Amino acid sequence: MFDARRFQGVFVVVPTPFHDDLTLDIDGLRNTVRFAIACGAHGVVTPANASEQPYLSDAERLTVLKTAIAEARGKSVVVAGVTASTRVIAAEFARLAAAEGADMVMAMPPNMQRATEAEIRDYYAAIDAAGRLPVVVQNWIGPGATPMPARLVADLLRDNPNVRFVKEETEFASDMMTAIRQEAGAALEGVMGGKAGLHLLDEHRRGACGTMPACEVTEVHVALWSALVAGDRGRAREIYRLLLPLITFEAGYGTVAYKEVLRRRGIIRSAAVRQTGGRMLDRFAGEDLAEILADLAPLLTR
C-alpha cells in the first residue's frame with residue numbers, strides 16, 4: 001500500500017535531453033536525474049510536459065522512464081507520465097510503468113482532441129485498473145489540454161480506488177485547489193501545484209502537499225518548500241522573490257529555458273528541443289537569463 005506521505009515535497013519533472021541532432025542523450029538524462037536527487041528532490045517525474053512527452057516515440061518514452069527508474073531506485077519516488085490520446089494507449093503505458101517499477105503514474109485527460117466527460121471518466125478508470133499504481137490526475141491548461149472542473153476531478157477520485165492525488169495547474173490554480181479539496185474530501189490524499197511554483201506560497205497556505213516544477217533549479221524549490229514547512233514565511237518570501245524572475249522568464253520560453261539552465265550548469269551538453277512552435281533564446285534573452293542566474297547564485301549548490 002502506497003503511503004500518501006511519500007507524495008510530499010518537491011517532485012521535479014525531468015526534461016528529456018537530446019544531442020544536437022535530436023537523438024536521445026541517455027547520459028544527459030542520467031546526469032539530470034542524479035542532479036535532481038542530489039539537490040534534494042523528493043520525487044522525479046517523467047515523461048511529462050516539461051519532458052517533451054508528445055515529441056517522444058513510444059519506444060523512447062519507455063527508454064526515458066526505465067532510465068529514470070534505474071537512476072532513482074531507492075533514492076526518490078518515481079512518477080511515470082502516462083498521458084495519451086486515448087484510454088487504450090494510456091492504460092498500456094500505465095501497465096508498462098508498473099512492470100518497470102514506477103511508484104506512481106500521472107495523466108492529463110486525452111491530449112489530442114477534447115474528450116467528453118464520459119470519455120474522461122472511462123480514460124481514468126482504464127488507467128486505474130491497468131497499473132494498479134497510485135494515480136495523479138493532472139489538471140492543466142495549455143495546448144491540447146482539457147481543463148476539468150473541481151466536481152469532475154472529485155468524481156474521478158471517488159470513483160477509482162487508485163486515483164488519489166492531483167496536480168492542479170489550471171488558470172486559477174490556487175482557487176481550484178481549494179475547490180477540489182472541498183469537493184473531494186477524504187478521497188483526495190494529496191494535491192500539488194505546478195507552474196514552476198508560481199503560486200506556491202498561496203498553495204501551501206491552502207493545504208498543498210508539495211510542488212511539481214521542472215528540475216533545473218531543484219535546490220531552490222527545495223529550499224523554498226523547506227522554509228514553508230518550517231513555518232518561516234519570511235525566508236520563503238525571500239527565496240520566492242529571487243526565484244520569480246526565472247519563473248517569469250520560463251513561462252515565456254518554456255522547455256528551451258529549462259534545458260539552457262541545465263546546460264549552463266554543466267548537467268547536459270545541449271539545450272536542443274524537439275518541441276515545435278516555441279520561442280528560441282536569442283542573444284538578448286541569453287543575457288537576461290545570465291543576470292537572473294547570477295541573482296540566484298547564492299541559492300545554487302552546484
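Taken together, the values in this text are just the output of simple stated rules run on the coordinates, not laboratory data. From a predicted model like this one, the values you see are computed outputs, not experimental measurements. We place every Cβ from the backbone using ideal geometry, glycine too, and count neighbours over all the protein chains shown.
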Seminar exercise, completed: Connecting every pair of Cα atoms under 10 Å apart in the chain and solving the GNM, the largest mean-square fluctuation among Y55, Y258, Y124 falls on Y55
Problem set entry | Normalised alpha carbon radius of gyration of the chain [divisor 2.2 N^0.38 Å] | 0.93
Exercise. Can you give the relative contact order of the range 4-217 as a percent, counting alpha carbon pairs under 8 Å and 6+ residues apart?
Worked result: 19
For this session: Grab the other residues whose beta carbon is less than 11 angstrom from that of L29, score K and R as +1, D and E as -1, and report the net.
Result: -1
Exercise. Per-residue HN-Hα couplings for the range 243-257, Karplus 6.51 cos²θ - 1.76 cosθ + 1.60 at θ = phi - 60°, whole Hz, x for Gly and Pro?
Worked result: 7, 4, x, 5, 4, 5, 4, 5, 4, x, 9, x, 4, 4, 6
Exercise. Each residue of the range 271-280 in order: what ³J(HN,Hα) in whole Hz does its phi give by Karplus 6.51 cos²θ - 1.76 cosθ + 1.60, θ = phi - 60°, with x for Gly and Pro?
Worked result: 9, 4, 10, 8, 3, 9, x, x, 7, 9
Exercise. Counting each DSSP H run of 4 or more residues in the chain as -39500 (n - 2.57), what helix-only mean residue ellipticity at 222 nm follows after dividing by all residues, to the nearest 500 deg cm²/dmol?
Worked result: -15000 deg cm²/dmol
Exercise. Hey, how many Å between the Cα centroid of the range 264-299 and the Cα centroid of the range 97-172?
Worked result: 31
Seminar exercise, completed: Ranked output for segments 282-289, 136-143 by mean other Cβ atoms within 10 Å, highest leading, reads 136-143, 282-289
Exercise. Within the range 27-111, which trypsin sites (Lys or Arg not before Pro) sit in a loop by DSSP and count at most 11 neighbouring Cβ atoms inside 10 Å?
Worked result: R73
Seminar exercise, completed: The answer for the net charge of residues other than G74 whose Cβ lies under 14 angstrom from its Cβ, with Lys and Arg +1 and Asp and Glu -1, is +2
Seminar exercise, completed: Net charge (Lys, Arg +1; Asp, Glu -1) of residues whose beta-carbon lies under 11 Å from that of R269, R269 excluded, is -1
Problem set entry | Note, ³J(HN,Hα) from phi for the range 18-29, Karplus 6.51, -1.76, 1.60, rounded to Hz, x at Gly and Pro | 10, 6, 4, 8, 6, 7, 4, 9, 5, 4, x, 5
Exercise. Pick from T248, T218, T32: which is most flexible by mean-square fluctuation in a GNM of the chain where alpha carbon atoms under 10 Å apart are linked?
Worked result: T248
Seminar exercise, completed: Checking the range 81-179 for GluC sites (Glu not before Pro) in a loop per DSSP with at most 11 other beta-carbon atoms within 10 Å yields E171
For this session: Could you check what % of the DSSP bridge pairs in the chain are antiparallel, to the nearest 5?
Result: 5
Problem set entry | Long-range HN-HN contacts of T16 with modeled amide H, under 5 Å | E52
